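Working notes for the structure below.
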């Protein structure tokens, strides 16, 4: 790299100061290294930069649970909420294959287990930064499935309206692409299109960023500055991660949506906005409203039109079209021959649920190009790239916190192509009843006590299960 070239910023997150400082020293010739020792510190430093980091190197075991990967997994999701196509390399002593697979499914570009050669880390970071995510994302929706055709129809229907649109969808599904399409298909296409990620800036700076500020309005406001509403003019303002908007600021956004009026921070002069607002979220905003974290009136104003971007598991053979789309782009960027899927690998590709959606698919394609250029990828080769961790825990191992339990259920549904709640509950119930009878040598009273139900209830459940499976009724003797 030329000496006067601007170095890309690398966010390095590790709670071991010796490892962090050693890597920072080794990588400083290629990167401006931003050090953080915890999830909170990493997010705070990333948000406070004028420009988000170009890449991140993240340890999974972070405080307050350094011997578990939970904080690292959470940080991967939060960093990708700030910058959806941010290249994240996981560097962790927790190098078991399940953690590696899950980190990649969440959106990490690659995984390196500790102890690692610093030169391997440098080369991996260079490789993931060599791909142009913007070019790969493209300007068109890829796919021919009913789910994607429905999305295209909605985009055409709502593009010409001046009213807000709320785009809902899972992380990694491409909500920002749908917002971009709404703008390009509208009469505002020649006017400004501005995007603000509400999760990417500190809460205290959201208001001046949106509405602008007067000179001296707060420490650091050395001069007046226009906000996003003003700069968008009569174009489109895309507010990503709208569920992160501070509660105290929500009435001011509601006011703009209702009559266009707003004020710069530190001014009394009323200004008017003619920008169209598009918002996006991967949260359940109705639940956020019920729990008091999002205003009901703002939700109803934002959701005049609602679009749901389909998860990849609902897009059938579009998974092959997306494979071809990304493979062509990245093999050209890498100047290598594209790989091909063997019949077994193609069948597995079509059967995988892609819990990380399009972002996960894209990253898998990038890794396959790097590891199998010009070769056939076997089913075993592909399996090594997929998140095949087991589903939900059960019984006393279930989390006590309802939000954590809901998160586990969400992950399980994302990882399962076809799901039946009745079948799942019946199978678990039958398995526990069978296990209890085995442990008690067929004594129904003792089995009922072991399962925490009374004897009559257990008999009734055994009879229902027996009828459902065509077996004999339970013996009540």
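The values are calculated or read from the model by the stated rules, or taken from the named source; none is laboratory data. Everything numeric in this text was worked out from a predicted model, so none of it was measured. Cβ atoms come from the backbone with ideal geometry, glycine included; neighbour counts cover every protein chain shown.
Restricted to the range 455-476, and to residues there that are at pLDDT 75 or above and farther than 28 Å from residue 409 by Cβ, the residue that is surrounded by the fewest Cβ atoms within 10 Å (Cβ to Cβ) is 456. When residue 98 is tested against the conditions (1) touching a residue at least 24 places away in the same chain (Cβ under 8 Å); (2) under 13 Å from residue 14 (Cβ atoms), the lone failure is (2).
For the range 205-230, the set of residues classified as loosely packed, with under 15 Cβ neighbours inside 10 Å and either over 18 Å from residue 253 (Cβ atoms) or at pLDDT 95 or above (or both) consists of 215, 216, 218, 219, 220, 222, 223, 224, listed by residue number. When you look at residue 97, is it within 22 Å of the chain's Cα centre (by Cα), closer than 22 Å to residue 319 by Cβ and at pLDDT below 90, yes or no? Against the criterion (within 22 Å of the chain's Cα centre (by Cα), closer than 22 Å to residue 319 by Cβ and at pLDDT below 90), residue 97 does not qualify. For the range 333-374, the candidate set comprises residues that are within 20 Å of residue 100 (Cβ to Cβ) and part of a loop (DSSP other than H, G, I, E, B); within that set, the residue that is nearest to the chain's Cα centre (by Cα) is 356. Scan the range 332-345 and tell me whether some residue there is under 21 Å from residue 107 (Cβ atoms) and either buried (at least 20 other Cβ atoms within 10 Å of the Cβ) or not assigned by TED's automatic domain parsing to the domain that holds residue 375 (or both). Within the range 332-345 (the criterion being under 21 Å from residue 107 (Cβ atoms) and either buried (at least 20 other Cβ atoms within 10 Å of the Cβ) or not assigned by TED's automatic domain parsing to the domain that holds residue 375 (or both)), the answer is no, since none of the residues qualifies. A search for C-beta distances below 6 Å between a residue of the range 293-316 that is within 21 Å of residue 259 (Cβ to Cβ) and any residue that is part of a loop (DSSP other than H, G, I, E, B), counting only pairs 6+ apart in sequence or on different chains, returns 302/164; 304/163; 304/164. The residues of the range 50-64 that are within 21 Å of residue 21 (Cα to Cα) and loosely packed, with under 15 Cβ neighbours inside 10 Å, listed by number, are 63, 64.
Looking at residue 82, is it at pLDDT below 85 and in the same structural domain as residue 23 (by TED's automatic domain parsing)? Considered against the rule, which asks whether it is at pLDDT below 85 and in the same structural domain as residue 23 (by TED's automatic domain parsing), residue 82 comes out as yes.
Conditions (1) more than 30 Å from residue 69 (Cα to Cα); (2) touching a helix residue (DSSP H, G or I) at 6+ places or on another chain (Cβ under 8 Å); (3) assigned by TED's automatic domain parsing to the domain that holds residue 294, marked per residue:
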position	(1), (2), (3)
106	no, yes, no
151	yes, yes, yes
173	no, yes, yes
177	yes, yes, yes
188	yes, no, yes
